[in-house]
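*Asks:* Let me give you the structure first, and then I'll get to my questions.
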Amino acid sequence: AGPGGAAERCGSAGTLPRARTARAGGGARVAPTPAAAVGSRGECEAEVLGVLAFLGLHVSKLAQDLLLFTTYEYRYLSLSEAAAPRKGAVTGSSIMPQKKNPDVFELLRAIASKLYARHFEALEVLKGLPLGYNRDSRETKESIAAGLDLAFEALDQLTSALPCLVVDEARMLAAVRGNFSMATDLADGLAQRTGLPYRQVYHLVGDWVKEAIAAGRTFDALTRDELVAFAASRDLSLDLDAATYASLVEPLEAIARRDTVGSPAPHRTAEAMTHLRTTLRTRTAWREELHARIETARRGLEERMESAC
């Protein structure tokens with residue numbers, strides 16, 4: 001919004017064409033009132049910093065997951081040797097010769113904290129200012145400049161490190177098959193296929209799993225016959241063949257069954273990715289158009305100033 005002609009807050013007694021002034025500066029429209037134009041100084045910077053703070057929040061959460069999954073206990077992910085020269089993404093330990101430190105993800109968590117601080121800093125500068133022009137508001141310019149630098153640094157580090165991740169698919173799949181997470185799909189499937197009330201199936205599968213855990217067994221070691229026998233001991237007859245049981249406890253098939261919009265079934269994931277790419281292209285085009293409009297206005301203003309001289 002173009003603030004031109006707003007003066008200190010009450011507008012100008014001259015015949016300044018505010019809409020033309022706004023267009024000359026690259027703006028799309030004028031602020032509705034001069035007081036709104038002047039009183040909102042610095043708020044744009046604070047709003048952008050708020051968005052960047054949320055960017056930092058999501059980057060930090062992703063970084064934490066990646067740090068967890070690269071630990072020895074999980075080992076779902078590892079950083080390839082190619083990551084080492086990438087902006088210090090991986091370093092060795094000062095005393096442990098075997099260690100690769102995923103420094104980049106640790107530093108991304110710290111960047112998130114810095115972005116929060118810049119957002120709060122801008123809000124604190126603006127808090128309590130009286131309406132009208134106050135020079136304090138210019139201090140938000142430092143905050144937005146630093147915040148943008150931090151955000152670009154975070155994205156640069158993240159996009160440099162992600163291609164260097166090595167995924168251990170076999171280990172991840174084995175963990176899901178053995179860690180009892182598929183017990184939920186088993187209970188859902190039994191309720192849908194046997195006609196038994198879900199409450200009854202819930203307790204049946206839950207107690208069966210508890211006995212397996214107490215015996216030190218993993219979920220993938222359990223069998224359909226054992227479940228049918230366990231149900232029979234509770235006077236429940238399960239009409240469940242081996243193929244259906246195997247399908248219900250198979251993680252890849254469980255993913256495929258989650259077929260609602262936004263769910264992780266492969267074609268739904270592809271749809272979501274297509275939507276995100278389209279959104280990114282649309283917003284990139286908007287940004288480029290805005291940049292071109294501002295640049296055209298800047299050049300036009302410079303030409304008019306030179307001709308006036």
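Rundown of residues vs (1) of a type in the set (Ser, Thr, Tyr); (2) at pLDDT below 95; (3) in contact with a strand residue (DSSP E or B) (Cβ under 6 Å, 6 or more places away or on another chain); (4) over 30 Å from residue 170 (Cβ atoms), yes/no style:
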site	(1), (2), (3), (4)
48	no, no, no, yes
95	no, yes, no, yes
116	yes, no, no, yes
129	no, yes, no, yes
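*Asks:* Considering only the stretch 197-208, state which residues are open to solvent by less than 60 Å² (accessible area, probe 1.4 Å) and among the aromatic types (Phe, Trp, Tyr).
*Replies:* Once the filter is applied, which keeps residues that are open to solvent by less than 60 Å² (accessible area, probe 1.4 Å) and among the aromatic types (Phe, Trp, Tyr), the stretch 197-208 yields only 208.
*Asks:* Now for a different question. Kindly indicate which of 293, 281, 298, 257 is over 18 Å from residue 20 (Cα atoms), among the basic types (Lys, Arg) and in contact (Cβ under 8 Å) with a residue 24 or more places away in the chain.
*Replies:* So the residue among 293, 281, 298, 257 that is over 18 Å from residue 20 (Cα atoms), among the basic types (Lys, Arg) and in contact (Cβ under 8 Å) with a residue 24 or more places away in the chain is 257.
*Asks:* Another question about this same structure. Residue 88 passes all but one of (1) in a helix (DSSP H, G or I); (2) open to solvent by less than 50 Å² (accessible area, probe 1.4 Å); (3) modelled with pLDDT under 95; which number fails?
*Replies:* Going through (1) in a helix (DSSP H, G or I); (2) open to solvent by less than 50 Å² (accessible area, probe 1.4 Å); (3) modelled with pLDDT under 95 one by one, residue 88 breaks only (1).
*Asks:* Identify the residue in the stretch 124-175 that is within 22 Å of the chain's Cα centre (by Cα) and not in a helix (DSSP H, G or I) and, among all such residues, is surrounded by the most Cβ atoms within 10 Å (Cβ to Cβ).
*Replies:* In this case the residue turns out to be 165.
*Asks:* Looking at the structure I just gave you, is residue 66 within 30 Å of residue 109 (Cα to Cα), in contact with a strand residue (DSSP E or B) (Cβ under 9 Å, 6 or more places away or on another chain) and assigned to a helix (DSSP H, G or I)?
*Replies:* Spelling it out, residue 66 is indeed within 30 Å of residue 109 (Cα to Cα), in contact with a strand residue (DSSP E or B) (Cβ under 9 Å, 6 or more places away or on another chain) and assigned to a helix (DSSP H, G or I).
*Asks:* Also: Within the stretch 163-179, does at least one residue satisfy the condition of being at pLDDT below 95 and small (Gly, Ala, Ser)?
*Replies:* no
*Asks:* Another question, if that's okay. Can you tell me which residue within the stretch 26-43, out of those that are under 24 Å from residue 118 (Cβ atoms) and surrounded by fewer than 20 Cβ atoms within 10 Å (Cβ to Cβ), is nearest to the chain's Cα centre (by Cα)?
*Replies:* If we take residues in the stretch 26-43 being under 24 Å from residue 118 (Cβ atoms) and surrounded by fewer than 20 Cβ atoms within 10 Å (Cβ to Cβ), then 43 is nearest to the chain's Cα centre (by Cα).
*Asks:* Spot the failing condition for residue 100; the list is (1) open to solvent by 80 Å² or more (accessible area, probe 1.4 Å); (2) at pLDDT below 60; (3) closer than 19 Å to residue 168 by Cβ, and only one is missed.
*Replies:* Of everything listed in (1) open to solvent by 80 Å² or more (accessible area, probe 1.4 Å); (2) at pLDDT below 60; (3) closer than 19 Å to residue 168 by Cβ, residue 100 misses just condition (2).
*Asks:* Here are the criteria: (1) within 18 Å of residue 113 (Cβ to Cβ); (2) surrounded by 16 or more Cβ atoms within 10 Å (Cβ to Cβ). Tell me which single one residue 188 does not satisfy.
*Replies:* (1)
*Asks:* Something else about it: Looking at the stretch 44-63, which of its residues are aliphatic (A, V, I, L, M) and surrounded by fewer than 20 Cβ atoms within 10 Å (Cβ to Cβ)?
*Replies:* Within the stretch 44-63, 48, 51, 55, 57, 62 qualify.
The values are calculated or read from the model by the stated rules, or taken from the named source; none is laboratory data. In this text the structure is predicted, and so the values were computed from the model without any measurement. Note: ideal-geometry Cβ built from the backbone for every residue, glycine included; neighbour counts use all protein chains shown. Heavy atoms of the whole protein, side chains included, go into the accessibility calculation; ligands, DNA and RNA do not. Shrake-Rupley method; radii C 1.70, N 1.55, O 1.52, S 1.80 Å.
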